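Worksheet: the structure to be examined is printed underneath.
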Amino acid sequence: MTDVDSDGNAPAGGDADDWRTLDMLYDWLEPAPEGCKLEIVEGNVYLVPQRDTHWRNTLAIIRQLSAHYEENRLLSDVRVDFPGHLNGFASDVLALASDAVKGEDGRWRYQDVEFVAEVISKGTAVNDYGVKKAVYATAGVPVYLIVDPYTGTWHLHTLPKEDEYRSVLSLDFGTPVDLTSTVVGLTLATDAFPRD
């Protein structure tokens, strides 16, 4: 394991000790119990059981994104280290730029992320609406979509600046998510998104 990336910086944000500690936490905790997603957010460990509604919403987004992204550029529940203290996220849906490359550690780099979608789970909603949103903005992720099956709403965040998104649009399921003016370049239908 190396302590720095090719530019001489600690990979993923934070210092080299954070990166090593994040790797040690994942080594210790993996594999996650079957049917659970493992994530580390600001050093806190979250094991979230996969629910039917959650997966159906995730899959609906992935299927629609496949019109624009090659299959190897779409990820779900795959660890990507983001800036900040001990942030190893396993986003529900993540789309990578066409020229994305893995870092020396063998993982995808947050700098190549173009789109993230998080489908809300009750136990981790505070992360998706709070810490993770701020981290995605800090990382410069151009498009962040929150899909909330409990309220039947989606929340589109664009124009990241520092630790916030300058543009936010929230509408109900059934209203398409217009991403045509973003790097994603398509519209997501939400009328079939199931609710919890």
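The values are calculated or read from the model by the stated rules, or taken from the named source; none is laboratory data. All values reported here derive from a predicted model rather than from experimental measurement. In this analysis, Cβ positions are derived from the backbone assuming ideal geometry, glycine residues included, and neighbour counts consider all displayed protein chains. Please note that ligands, DNA and RNA were not included when accessible areas were found on the heavy atoms of the full protein model with its side chains. Shrake-Rupley method; radii C 1.70, N 1.55, O 1.52, S 1.80 Å.
Within straight cross-link reach of residue 102, meaning Cα distance under 29 Å, which lysines are found once same-chain residues fewer than 8 apart are removed?
37, 132, 133, 161
Arrange the residues 37, 133, 161 by how much accessible surface each exposes, largest first, with a 1.4 angstrom probe.
These residues rank, largest area first, as 161, 133, 37.
Please name which of 170, 158, 183 has its Cα lying farthest along the dipole of the stretch 155-196 towards the positive end, using unit charges on Cβ (Lys, Arg +1; Asp, Glu -1) and the Cα centre as origin.
Selected residue: 183.
Expressed as a whole percentage, what fraction of the accessible surface of the stretch 65-196 belongs to carbon and sulfur atoms when a 1.4 Å probe is rolled over the protein heavy atoms?
Answer for the stretch 65-196: carbon and sulfur cover 50 percent of the accessible area.
Given springs between every Cα pair under 10 Å in a Gaussian network model of the chain, which of 29, 74, 159 has the largest fluctuation?
Its mean-square fluctuation being the largest, the pick is 29.
Calculate how steeply helix 52-65 sits against the longest principal axis of the alpha-carbon atoms of the chain, using the helix alpha-carbon long axis, and give the answer as 0 to 90 degrees to the nearest 10.
90 degrees
Connecting C-alpha atoms closer than 10 Å in a GNM of the chain, tell me which of 95, 134, 67 has the biggest fluctuation.
In this elastic network of the chain, the residue with the biggest mean-square fluctuation among 95, 134, 67 is 67.
Looking only at 106, 152, 35, which one moves most when the chain is put into a Gaussian network model with springs between Cα atoms under 10 Å?
Most flexible of the set in this elastic network: 106.
So, for the chain, what is the accessible surface per residue at a probe of 1.4 Å, expressed in square angstrom?
Per-residue accessible area for the chain comes out at 48 Å².
When the Kirkwood hydrodynamic radius is evaluated over all pairs of different C-alpha atoms of the stretch 106-196, what value in angstrom, to one decimal, is obtained?
13.5 Å
Could you give the angle, 0 to 90 degrees to the nearest 10, between helix 16-29's Cα long axis and the longest principal axis of the Cα atoms of the chain?
On a 0 to 90 degree scale, this one is about 70.
Among 121, 170, what's the order by accessible area (1.4 angstrom probe), most exposed first?
Result, largest first: 170, 121.
Sort 154, 55 from largest to smallest accessible area, using a 1.4 Å probe on the heavy atoms of the protein chains.
Result, largest first: 55, 154.
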